[in-house]
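Structure first, commentary second.
The values are calculated or read from the model by the stated rules, or taken from the named source; none is laboratory data. Note that the coordinates shown come from a computational prediction; the quantities given were computed from them, not determined experimentally. Cβ sites come from the backbone with ideal geometry, for glycine too, and all protein chains shown count toward neighbours. These accessible areas exclude ligands, DNA and RNA; they are computed on the full protein's heavy atoms, side chains included. Shrake-Rupley method; radii C 1.70, N 1.55, O 1.52, S 1.80 Å.
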Amino acid sequence: MQSKAPIIIESQGATPVVWQIRKGVWAGSTICSSLQTEQWFVGGAADVTSKGKLILVNSGLSAATVDIEVWNEIGAQPAKALTIKANSYLEVGVDSLAPGSQSLVIKVFTRAGRVTSYMIDERGRGLRALGGDLVNFAPKASKEVFIPAIPHTVRKVGSKSVELPHTLRILAPGEIDARITVSVYSTDGSFIPAGLEGKVIKSGSVATLDLNPNLPASKFGIRISSDEPIVASIFSQTISEGKSDFIWSTAAAELTQSNFSVAGLAPQLIFIGAKVKAELVLLFNNGKRKTVRVNGEDIAAVRIPDGVRSISITEAGKGIYGAGLVATKSGYGYFPLTAGSVLTKSSVPMSNIRVLTP
């Protein structure tokens, strides 16, 4: 629990998962991460409903310099250079980066210092809260983007079932238009939604595409293949234990051996790939361990029980991507199964007699 200021955790190679809520208003999840040179945030808005912010944390002992580049539905916006004092943090209102924009992609590039950035997308209209979420970052633009866990909610309206919508936000930041194909991985098999094969995305401006896969209430994942580097995410309306919220499902890196601290969360883990094969070791609060083997075609899910302190991914096949979903009374949250904490080293000063004799 923390009130406001960021904290630094020495986690010995494990990745702590953060769960943040505004009780009864919204909830979101992210991972603690070590310093990052480049971070892409695909999400948020800067219109009149925006209450979001970008948080820049400098954990170093010297001042840090970062460049913030912004794209919206029109194109690239003027970049901003910021300096962050040593061992401090800076909050930037999202609505100040590109006022009036409805679709944003933000790139934070660290020129000097130890900086990690986080983004909160919170929205409201007057006194009415519209929900919120933490937007996880992608480390770079890529020609293949995997988003493993997207909650698909079906709501009862009278005698009818209404599927809540999804929106794909995508940017080709280069100089050349991108041609993309979107594949959906679900328990009903993998398929390409109508209109999303060979779709041309204009370079330099943020595109928004409807994604309506026509599935029962469940979870699904997507793979986006492109001939040019892209960044992308999925915006979904959700209902969690009767509470309306929204969630940003973001890109995840290929699954590797890693360890995640999830005490108190009990997430559902979703894995996608041509052939899903992985092994997890669950460590419980009472010290007991349990090995779980995950197998499936296209997609597989594992519900983590209460009382699990950490999840270790001990084996992972090629081409597998994973993420976690957490549902509470305050809303939904998403976090990628990407190792955020790494062991760092610093050089030991070498003795030299010249420092003793002038």
Members of segment 159-209 found to be of a type in the set (Val, Ile, Thr) and either open to solvent by 40 Å² or more (accessible area, probe 1.4 Å) or more than 19 Å from Gly44 (Cα to Cα) (or both), listed by number: Val162, Ile176, Ile180, Thr181, Val182, Val184, Thr187, Ile192, Val200, Ile201, Thr208
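For segment 58-90, what are the residues that are part of a loop (DSSP other than H, G, I, E, B) and within 15 Å of Ser117 (Cβ to Cβ)? Working first, answer last.
From segment 58-90, those part of a loop (DSSP other than H, G, I, E, B) are 59-63, 72-75, 85-87; that's our starting set.
Across segment 58-90, the qualifying residues are Ser59, Gly60.
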Residues located in segment 138-149, provided they are in a loop (DSSP other than H, G, I, E, B) and open to solvent by 40 Å² or more (accessible area, probe 1.4 Å): Pro139, Lys140
Under 8 Å between Cβ atoms, at least 6 apart or on separate chains: pull out the pairs that start in segment 96-107 with a residue that is under 15 Å from Ile55 (Cβ atoms) and end on any residue that is acidic (Asp, Glu) and open to solvent by 10 Å² or more (accessible area, probe 1.4 Å). Ile106/Glu69
Taking Lys219, is it of a type outside the set (A, V, I, L, M) and either touching a Pro at 6+ places or on another chain (Cβ under 8 Å) or assigned to a loop (DSSP other than H, G, I, E, B) (or both)? yes
Need the failing condition index for Gly287 against (1) open to solvent by 10 Å² or more (accessible area, probe 1.4 Å); (2) assigned to a strand (DSSP E or B), just the number. (2)
Does at least one position in segment 47-57 carry a residue that is loosely packed, with under 14 Cβ neighbours inside 10 Å, in contact with a strand residue (DSSP E or B) (Cβ under 9 Å, 6 or more places away or on another chain), at pLDDT below 90 and β-branched (Val, Ile, Thr)? yes
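Scan segment 14-31 and tell me whether some residue there is free of Cβ contacts under 8 Å to residues at least 60 places away in the same chain, open to solvent by 20 Å² or more (accessible area, probe 1.4 Å) and out of contact with any strand residue (DSSP E or B) (no Cβ under 8 Å at 6 or more places or on another chain).
No, segment 14-31 contains no residue that is free of Cβ contacts under 8 Å to residues at least 60 places away in the same chain, open to solvent by 20 Å² or more (accessible area, probe 1.4 Å) and out of contact with any strand residue (DSSP E or B) (no Cβ under 8 Å at 6 or more places or on another chain).
Just checking, does segment 65-76 include any residue being in contact with an Asp or Glu (Cβ under 8 Å, 6 or more places away or on another chain), closer than 29 Å to Ser142 by Cβ, open to solvent by 40 Å² or more (accessible area, probe 1.4 Å) and among the hydrophobic types (A, V, I, L, M, F, W, C)? Even if it seems obvious, please write down each step before you answer.
We begin by selecting, within segment 65-76, every residue in contact with an Asp or Glu (Cβ under 8 Å, 6 or more places away or on another chain); these are 76.
Those still in the list that are closer than 29 Å to Ser142 by Cβ too: 76.
Next, only the ones that are open to solvent by 40 Å² or more (accessible area, probe 1.4 Å) stay: 76.
Add one more test, that the residue is among the hydrophobic types (A, V, I, L, M, F, W, C), and what stays is 76.
So far as segment 65-76 goes, yes, one or more of its residues are in contact with an Asp or Glu (Cβ under 8 Å, 6 or more places away or on another chain), closer than 29 Å to Ser142 by Cβ, open to solvent by 40 Å² or more (accessible area, probe 1.4 Å) and among the hydrophobic types (A, V, I, L, M, F, W, C).
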Among the residues of segment 188-214, what is the count of those that are touching an Asp or Glu at 6+ places or on another chain (Cβ under 8 Å), at negative phi and not in a strand (DSSP E or B)? 5
Identify the single condition in (1) modelled with pLDDT under 90; (2) hydroxyl-bearing (Ser, Thr, Tyr); (3) open to solvent by 40 Å² or more (accessible area, probe 1.4 Å) that Ser218 does not satisfy, given that it satisfies every other one. (3)
Matching residues in segment 82-115 (over 15 Å from Asn72 (Cα atoms), open to solvent by 10 Å² or more (accessible area, probe 1.4 Å) and under 18 Å from the mean Cα position of the chain (by Cα)) number 1
Could you please tell me which pairs satisfy a Cβ distance under 7 Å, a separation of 6+ or placement on different chains, a first residue in segment 151-171 that is in a loop (DSSP other than H, G, I, E, B), and a second residue that is modelled with pLDDT under 85 and of a type in the set (Gly, Ala, Ser)? Thr153/Ala217
Hits in segment 70-81 (condition: among the hydrophobic types (A, V, I, L, M, F, W, C), within 22 Å of Leu168 (Cα to Cα) and over 21 Å from the mean Cα position of the chain (by Cα)): Ile74, Ala76
